[in-house]
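Asker: Take this structure first; my questions come after.
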Amino acid sequence: MNISTFFIDKLSKAAFPSFLRSLCLFLVFLPATAMLAQVKPPEPFGPLPSERQLAWHQLEYYMFVHFTVNTFTDKEWGYGDESPSIFNPSQLDCMQWAKVAKDAGMKGIIITAKHHDGFCLWPSEYTEHSVKKSPWKQGKGDMLAELRKACDAYGLKMGVYLSPWDRNSSVYGTADYLAYYRKQLRELLTKYGDIFEVWFDGANGGDGYYGGARELRKIDNKTYYDWPNTHAIVRELQPGAVMFSDAGPDIRWVGNESGMGSLTNWCLLKKDDMYPGGDFAKILGEGHYDGNYWVPAEVDVSIRRGWFYHQKEDAGVRSPENLMELYYSSVGRNSNLLLNVPPDRRGLLHENDVKSLLAFKELRDKEFSIELARGKKCSATSVRGKGFEASRVSDGDGETFWAAKDGQTSAEIIIDLGRETEVNRVLIQEYIKFGQRVEEYSVTVFTGGSWKKVVDGTTVGYKVIRKFPLERASKVKITFSKARACPVISNIELFRAPGS
Ligand code: FUL
């Protein structure tokens with residue numbers, strides 16, 4: 001007999017007046033009914049991000065460091081026959097890189113531990129083509145170890161780029177190369193602490209030195225590297241690390257190197273048929289609407305024309321304003337920004353690059369210093385219930401969210417600014433733990449007694465930031481006109497950025 005039938009039994013036996021019986025039953029069942037009435041969060045929709053991907057999304061902006069023999073030969077791709085004796089940075093200082101990254105507001109540094117030329121910035125046990133044969137620190141140096149210390153000192157994450165293509169290795173193109181590549185990967189993933197991202201480049205095969213053969217070696221991108229077994233090493237040794245390549249598995253290339261995230265940007269990909277170095281650039285920007293894995297985009301772009309340092313580019317460093325545009329076209333379009341800042345022959349980030357990066361930080365701080373939505377009254381055309389009210393989008397807590405009712409695939413939310421206020425930027429975030437849902441949105445402001453549309457778009461995802469001409473508005477309405485399941489929005493911010 002369960003507890004409720006026990007009570008019903010006792011109550012009838014005692015022949016209570018019926019109103020007293022009803023009262024007792026009500027009191028017994030009240031707590032249970034209240035529990036049932038609690039509103040459940042929405043069911044997750046479609047592919048979802050893993051914990052490691054969620055952590056990656058939050059990094060948003062970090063530094064790429066391209067440094068190798070190319071820095072000393074003035075090339076972009078080394079042939080593989082460069083003598084380690086040319087590698088001799090006079091003042092190498094990873095602390096300077098890390099300090100600049102930190103001051104610039106970046107969250108980590110990814111270094112080319114090995115680029116296509118095959119030269120290793122750490123003293124690998126498995127090749128002589130490394131810093132150990134260079135004059136730098138009389139062959140006793142280890143740049144990965146120095147970078148680790150610097151990242152720790154400044155609270156930054158560290159990532160590694162290990163080029164699959166190796167124009168120095170005599171065994172490149174054979175099965176032996178794979179064993180060599182994986183041993184190097186194991187070294188990088190066991191000797192240098194926590195790695196947040198492993199970068200697998202897509203440039204593959206071609207002519208090279210190859211231990212003196214000086215020939216053309218072509219490989220089949222699809223099969224040669226046996227990627228699943230390499231990925232398994234990363235999962236085994238660094239379970240928290242995300243892996244980047246043209247095709248994931250965790251993070252995808254955005255399809256260009258010019259800093260352009262796509263306005264429509266699904267964090268979804270049908271990655272099973274894809275592989276690094278394949279011809280997928282055109283689809284990587286948007287991702288796949290019907291993708292079956294969560295594989296968000298990363299925008300990799302250089303602060304200079306080249307990826308490596310060339311003195312002739314000293315005058316061509318991107319301006320702070322240009323970096324700001326890159327920020328809007330990457331972080332503002334549901335992508336992370338991996339900005340390359342190549343050290344010069346001294347082993348230092350050049351003064352021009354540093355100046356621009358820090359000025360960009362100042363610009364960015366100013367751009368987003370006047371936030372208008374926090375704590376303001378919000379209302380919505382559909383609210384799921386208690387715990388998911390419209391006000392959750394402006395409470396400053398990324399773990400709370402507004403959710404419309406199930407089946408409601410369009411809904412509006414209004415932020416009441418209280419009085420006419422100048423506004424020209426909007427930032428929107430979906431609560432991506434429940435998937436990516438929004439397909440179409442628009443932003444309308446209430447100005448001069450009527451509603452006026454100022455910007456519209458398609459996908460949202462982790463974050464979008466949109467500009468619009470300055471308006472004086474007392475209310476701002478965000479309309480989610482099409483979604484794949486009820487919209488679930490964790491954050492909306494409104495800004496009055498300087499300028500018009
Ligand atoms: C490309 C490489 O070939 C470039 O040298 C650079 O490393 C860039 C980030 O990726 O595929």
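Asker: Just to check your reading of the model, which residue among LEU349, LEU337, LEU326 is more than 30 Å from ALA483 (Cβ to Cβ) and either of a type in the set (A, V, I, L, M, F, W, C) or not in a strand (DSSP E or B) (or both)?
Answerer: Matching residue, one of LEU349, LEU337, LEU326: LEU349.
Asker: Quick one: which strands (runs of 3 or more DSSP E) sit completely within segment 120-223 and have at least 1 residues that are under 21 Å from THR68 (Cβ atoms) and open to solvent by 20 Å² or more (accessible area, probe 1.4 Å)?
Answerer: Hits in segment 120-223: 206-208, 215-217.
Asker: Right, here's the next one. GLY291 fails exactly one of the following numbered conditions: (1) at pLDDT 95 or above; (2) part of a loop (DSSP other than H, G, I, E, B); (3) open to solvent by 30 Å² or more (accessible area, probe 1.4 Å); (4) more than 19 Å from TRP97 (Cα to Cα). What is the number of that condition?
Answerer: (3)
Asker: Follow-up. Looking only at segment 305-343, filter to residues that are more than 30 Å from VAL295 (Cβ to Cβ) and buried (at least 21 other Cβ atoms within 10 Å of the Cβ); which one of those is nearest to the ligand (Cβ to nearest atom)?
Answerer: For segment 305-343, the residue satisfying everything is TYR309.
Asker: Of everything in segment 72-93, what is open to solvent by less than 10 Å² (accessible area, probe 1.4 Å) and either closer than 22 Å to GLU197 by Cβ or more than 16 Å from the ligand (Cβ to nearest atom) (or both)? Give them in sequence order.
Answerer: PHE87, PRO89
Asker: Could you tell me how many of the residues in segment 94-114 are part of a loop (DSSP other than H, G, I, E, B), on the phi < 0 side of the Ramachandran plot and open to solvent by 10 Å² or more (accessible area, probe 1.4 Å)? Give the steps one after another, and end with the answer.
Answerer: Here is the first cut: in segment 94-114, the ones part of a loop (DSSP other than H, G, I, E, B) are 104-107.
Narrowing further to those that are on the phi < 0 side of the Ramachandran plot: 104, 106-107.
Right, trim to open to solvent by 10 Å² or more (accessible area, probe 1.4 Å) and you get 107.
Of the residues in that region, 1 qualify.
Asker: Additional query: For ARG235, only one of the following conditions fails: (1) touching a strand residue (DSSP E or B) at 6+ places or on another chain (Cβ under 8 Å); (2) assigned to a helix (DSSP H, G or I). What is its number?
Answerer: It is condition (1) that ARG235 fails.
Asker: Checking the condition of a type in the set (Ser, Thr, Tyr), under 21 Å from LEU268 (Cα atoms) and in contact (Cβ under 8 Å) with a residue 24 or more places away in the chain, which residue from THR479, THR458 passes?
Answerer: Going through THR479, THR458 in turn, the sole match is THR458.
Asker: If only one of LYS149, LYS133, LYS137, LYS107 is among the basic types (Lys, Arg), free of Cβ contacts under 8 Å to residues at least 40 places away in the same chain and away from the ligand (no atom under 16 Å from the Cβ), which one is it?
Answerer: LYS137
The values are calculated or read from the model by the stated rules, or taken from the named source; none is laboratory data. Treat the numbers as computed from the prediction; the structure is a model and nothing was measured. For neighbour counting, all protein chains shown are included, and Cβ atoms are generated from backbone atoms with ideal geometry for every residue, glycine included. What goes into the accessible areas is simple: the full protein's heavy atoms, side chains included, and nothing from ligands, DNA or RNA. Shrake-Rupley method; radii C 1.70, N 1.55, O 1.52, S 1.80 Å.
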